[in-house]
Every structure is written in structure tokens, then in C-alpha cells.
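So the structure is just underneath, and the comments pick up after that.
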Amino acid sequence: MGGITYMRNLIAAIQAIPNRKIEPVLIVPSQMPDKNLSDFNGLEIIRTTALDRKSPAWLLGKLSEKYLFKRNLALEAVLRQNGIAILSHHARIGSKSKFPNLLWIPDFQQKRRPDFFEPAEIARRDADNERCVAEAHWVVLSSHDALNDLKTYVPAGTDKSSVLRFVSGIQSTSRGELGLAELEAKYGFSGPYFHLPNQYWAHKNHAAAIRAVALLKQQGLKVTVLSTGAPTDYRHPKFFESIEKLIQELDVADCYKVLGLIDYADMGPLMGHSVALINPSYFEGWSTTVEEAKAMGKAIILSNIPVHIEQNPARGVYFDPDQPEELAQAMRAVLAAYDPAQEEALVAQAKIDNQAKFVEFGEVYQQIILESLGKEA
């Protein structure tokens, strides 16, 4: 979901540039369902069998890339036939390919938090990053924090890298179409609530929020946290089971509600009507949750990890991710200060401010593309 959101935002930001000098083109498998492309209206879309797994063209591309020529000849042919100048954000095209390509390294989590990975996964990610730097015409990082990691772990990429900080263009930078009463009826809650919109990956640290809710309940303050996101972690298949067990052990099922994946159209309204967002994560490349809070003018209670500090949300309240007591204190303070009337003014101003930042996001990407191709802006 994070990757889809990233690409949706990046393309929208490019399209928002006044007098833009680049045109994005989306290249997809030939059989991709139309519904998966509904968010990319007005964008040139190329369907190709070169991306259809196990198709003759896909097999030819992989064979030529891995064994014969170290170049994906099938994909190169598609790019040249369609007048593409540079391939962006694609996994690989071959170590000997001369076709310009820009590769994105979101983060170096396996280096910074190896405790969340099996050794084989760490080795695979390390190899992917090394290959990315070796094969890429240019490398893009999501934060200066990640750029520092690149300099430390894959220094060969330092001289051909840029930072592109994601900005959220979330569709609903107001309260959204659904009213609070409709949200309450649809998702089964009532009253003020906090929103924790992180997928259930172990490093996202949902347990801190669950323990904070339990502490507040023991202190006589019942608060509601609505959790949205996929309840799966491919690295830790039983992680969500441990979360469910913790909720039961601490007796907070009435306070901490897992909504799972919800309609994307409901995300804006659910965020907008919340008291604040929460991101207790132990690690992020560049947090979408934080950027969405900034885009909507929302308060956010977030872990004091380096990248969150770099993101610097105007209404951010930081806490130590290993101290649920600090999170509980922050939730109590933010809830006490919450003023629904004041939120309207903050949301309206954020909508104005975010539009300029969103366009700047697209312009920075455009500049990276032009410079990597040796062209003047």
C-alpha cells in the first residue's frame, strides 16, 4: 500500500508542475486490470507483455538480463519504441544496459534494525542495494537520513544520488466527504479517537499504542485508537496474532479497534475527524503517515527516531518508542487541548500550504531527472 501511495503521489506531483518539462508514462503488464489504474486518469499508460511473468517476452528479457547480455533486451525494446528517455523506479534492467535508469532506495532498515530480519533477508536486501548502486544511472533516497546511510553502507553511490522527500497529496485535505456520524456508523465506534494508520509490520511498534491505551484506562481515562492497515507481515507471519493476544491480555478491545484495510476514499475523512494521528514506529524511510498529518494540518504523536525529526511536522509531539508511558502522557495532553472548531482553521491553512509543497515535490523530481540526463532545467 505504501508503494502504491508513493507512486500515485509522485505522478500527481509531476502533473501539477506548471510548464513541466517531463511527461510521466506508466508501463504495466499487459493484463493488469483497469481498476488498478483508475487513479491514473490522464496519464499515458503502456501495456506490455515484457512485464507479464512467464510470458515469452518476459522470459526473453530475464534470460538476456541474467545470462546472455546482462541487459533486459525485451524491456529496452519497449522503452525505445515508445520514445522513453529514462526509466524510473524500476527494479533492474541489467548491469550492462546503457539505457538511463533512476532507482529508488527507500531505506536501509536491514542495517539500522537487523533485529527485524532473518539473516537471509538481510543478505538479499544488502545485495539488492549493492546491485542498485552498481546498475543505476542515478539513485534517489527518500531522506537525508537514508542518504547518510548510503554514504556509510554503499559509498559508491554517493556521487550519483539525490534526496527526494515525499510530500502527500492526499485527496482529502479537509474533513472529507464522510461526516463523523457516518464514519462512526460504518466502522463501529463513537466519540473522540486517535488514528494509527500503519500496516502490521513488527517495526511499526503497535504495541506501544496498545500499552499506552491500557495505561490510560487504568488511570480512569478511556480513549479510542482506530488502527488501519493490512494485518500481515511476511517477515513475521505470527506477528498480528501476538498483537491480538496483547489486546486481550491488557483488556483494551473496547479502546483499541483494528479496522484493517479500509476504502482509500475513507482514509482522508478518518484522519480528518481524528483528534490526532499516531506513528510509534521504530524505523521509517520517510513516513507517509507523518506527511499525511502535515498535509491535513493534523496533530501527530510520533516516535523520536531521526527521520521523524527530519520530517518535522508543525504539530508533532515526540516520544521514546520504548516508553509507552510517554505516549500515554502525550495522548492525554493532545486530547485535553483538542478543539474541533480550531481544527477547521488549521485544516484550511494546511491545504493552502501543502499545495505549494506538493508542486515543489514534483519540481525537485523533475530537476533530478533533467540533471541525471545532463539536461538544463
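The values are calculated or read from the model by the stated rules, or taken from the named source; none is laboratory data. Note that the structure is predicted; figures quoted are calculated from it, not measured. Cβ coordinates were reconstructed from backbone atoms using ideal geometry, including for glycine residues, and neighbour counts include every protein chain displayed. With ligands, DNA and RNA removed, areas are computed over all heavy atoms of the protein, side chains included. Shrake-Rupley method; radii C 1.70, N 1.55, O 1.52, S 1.80 Å.
A few remarks follow.
- Test: SER287 is without any contact (Cβ under 8 Å) to a residue 60 or more places away in the chain, closer than 20 Å to ARG8 by Cα and either hydroxyl-bearing (Ser, Thr, Tyr) or crowded, with 16+ Cβ neighbours inside 10 Å (or both): yes
- Any hit, region 178-190, residues being open to solvent by 10 Å² or more (accessible area, probe 1.4 Å), farther than 21 Å from PRO321 by Cα and in contact with a Lys or Arg (Cβ under 7 Å, 6 or more places away or on another chain): yes
- Residue in region 261-271 that is hydroxyl-bearing (Ser, Thr, Tyr) and open to solvent by 90 Å² or more (accessible area, probe 1.4 Å) present: no
- Any chance LYS257 is closer than 18 Å to GLY191 by Cα and open to solvent by 10 Å² or more (accessible area, probe 1.4 Å): yes
- Only listed residue being among the small types (Gly, Ala, Ser), buried (at least 19 other Cβ atoms within 10 Å of the Cβ) and touching a Pro at 6+ places or on another chain (Cβ under 7 Å), chosen from ALA293, ALA299: ALA293
- Residue-level check: of (1) exposed (fewer than 14 other Cβ atoms within 10 Å of the Cβ); (2) outside any loop (DSSP other than H, G, I, E, B), GLY42 misses just (2).
- All helices (runs of 4 or more DSSP H) inside region 45-146 with 2 or more residues being of a type in the set (D, E, K, R) and surrounded by 15 or more Cβ atoms within 10 Å (Cβ to Cβ): 109-112, 119-135
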